[in-house]
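I have placed the structure first, in the form of structure tokens, so that the comments after it can refer back to it.
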Amino acid sequence: AQSVTQPDIHITVSEGASLELRCNYSYGATPYLFWYVQSPGQGLQLLLKYFSGDTLVQGIKGFEAEFKRSQSSFNLRKPSVHWSDAAEYFCAVGAGDSGTYKYIFGTGTRLKVLA
Amino acid sequence: DAGVTQSPTHLIKTRGQQVTLRCSPKSGHDTVSWYQQALGQGPQFIFQYYEEEERQRGNFPDRFSGHQFPNYSSELNVNALLLGDSALYLCASSYRGMNTEAFFGQGTRLTVV
């Protein structure tokens, strides 16, 4: 069955510290992978996506993620966290045909940033 | 370029009532998907509409139904509301046939009392 696991429910980091949010997926075919961010009471904003090609993808706001097929992982990283990065982060896999896939989301990781 | 717009932003309904939520997709998009996000959870796929037909459906009861109009906008209807239907309902639009991501609206917060 297709699934996404985000093992860390909450993560707290100090401003300026590095960040890594973990994501593991289970999907039979080549996955389309996404990271979204959600501020309280808001919708989802796409940070980055992986469809094919280079396994290290760059996104907005200084985020990057690395696709590792052997580990079924797509971890999100940022070298220096800003207080404005505090939010909830969702990893998702696109399941289905190109352009018509549904997203399977993880349960999210809530990031707290200490000043 | 307007993104995905949803209405209303918030609403409160009583158990047993019916509710209709609305979504206008991003310009150029022809596919609309609906997701339910319960508090503290990730979004769960409800269904997807393309060419005015339901194309995919998640594990939701028939109380959840939808519609897509010729202008690609969409409605989500929920009948016989339960307390457990309280959630943020997200609409996502995309363009079928291209390898692109979906864009999400800000959501409708539904509270059932």
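The values are calculated or read from the model by the stated rules, or taken from the named source; none is laboratory data. All values derive from a computational prediction rather than experimental measurement. All Cβ positions, even for glycine, are placed from backbone atoms using ideal geometry, and neighbour counts span all protein chains on display. Keep in mind that these areas ignore ligands, DNA and RNA; they rest on the heavy atoms of the full protein, side chains included. Shrake-Rupley method; radii C 1.70, N 1.55, O 1.52, S 1.80 Å.
Just a few scattered comments:
- Yes/no for A:Leu33 being under 16 Å from A:Arg110 (Cα atoms), touching a residue at least 40 places away in the same chain (Cβ under 8 Å) and within 14 Å of the chain's Cα centre (by Cα): no
- Enumeration of residues in segment B:3-18 that are part of a loop (DSSP other than H, G, I, E, B), loosely packed, with under 12 Cβ neighbours inside 10 Å and within 14 Å of another protein chain (Cβ to nearest Cβ): B:Thr9
- Each residue in segment B:19-35 was checked for being part of a strand (DSSP E or B) and open to solvent by 20 Å² or more (accessible area, probe 1.4 Å), and 3 pass.
- Residue in segment B:65-82 that is at pLDDT 95 or above and within 13 Å of chain A (Cβ to nearest Cβ) present: no
- Condition check for A:Phe74: touching a residue at least 12 places away in the same chain (Cβ under 8 Å), in contact with an Asp or Glu (Cβ under 8 Å, 6 or more places away or on another chain), among the hydrophobic types (A, V, I, L, M, F, W, C) and within 25 Å of A:Ala29 (Cα to Cα): yes
- Selection from segment A:28-72 of residues that are open to solvent by 30 Å² or more (accessible area, probe 1.4 Å) and closer than 23 Å to B:Thr5 by Cβ: A:Ser39, A:Pro40, A:Gly41, A:Gln42, A:Gln45, A:Leu46, A:Lys49, A:Ile60
- Subset of segment A:44-84 [in a helix (DSSP H, G or I) and within 14 Å of chain B (Cβ to nearest Cβ)]: A:Ile60
- Condition broken by B:Leu110, with the remaining ones in (1) touching a Gly at 6+ places or on another chain (Cβ under 6 Å); (2) modelled with pLDDT of 95 or more satisfied: (1)
- Single match in A:Ala95, A:Ala87, A:Ala17 (criterion: farther than 23 Å from B:Gln41 by Cα and of a type in the set (A, V, I, L, M, F, W, C)): A:Ala17
- Residues of segment B:71-113 that are of a type in the set (A, V, I, L, M, F, W, C), in a loop (DSSP other than H, G, I, E, B) and surrounded by fewer than 21 Cβ atoms within 10 Å (Cβ to Cβ): B:Ala80, B:Leu81, B:Leu82, B:Met98, B:Val113.
- Residues being crowded, with 19+ Cβ neighbours inside 10 Å and touching a Gly at 6+ places or on another chain (Cβ under 8 Å) - total across segment A:73-84: 2
- The criterion of being touching a Pro at 6+ places or on another chain (Cβ under 9 Å), in contact (Cβ under 8 Å) with a residue 40 or more places away in the chain and within 8 Å of chain A (Cβ to nearest Cβ) holds for B:Thr31.
- The combined condition, being within 11 Å of chain B (Cβ to nearest Cβ), surrounded by fewer than 21 Cβ atoms within 10 Å (Cβ to Cβ) and touching a residue at least 12 places away in the same chain (Cβ under 8 Å), is not fulfilled by A:Ser18.
- In segment B:39-64, of all residues being under 14 Å from A:Phe105 (Cβ atoms) and open to solvent by less than 40 Å² (accessible area, probe 1.4 Å), the one that is farthest from the other protein chains (Cβ to nearest Cβ) corresponds to B:Ile46.
- Restricting segment A:85-115 to residues that are open to solvent by 30 Å² or more (accessible area, probe 1.4 Å) and modelled with pLDDT of 95 or more, the residue that is farthest from the other protein chains (Cβ to nearest Cβ): A:Leu114
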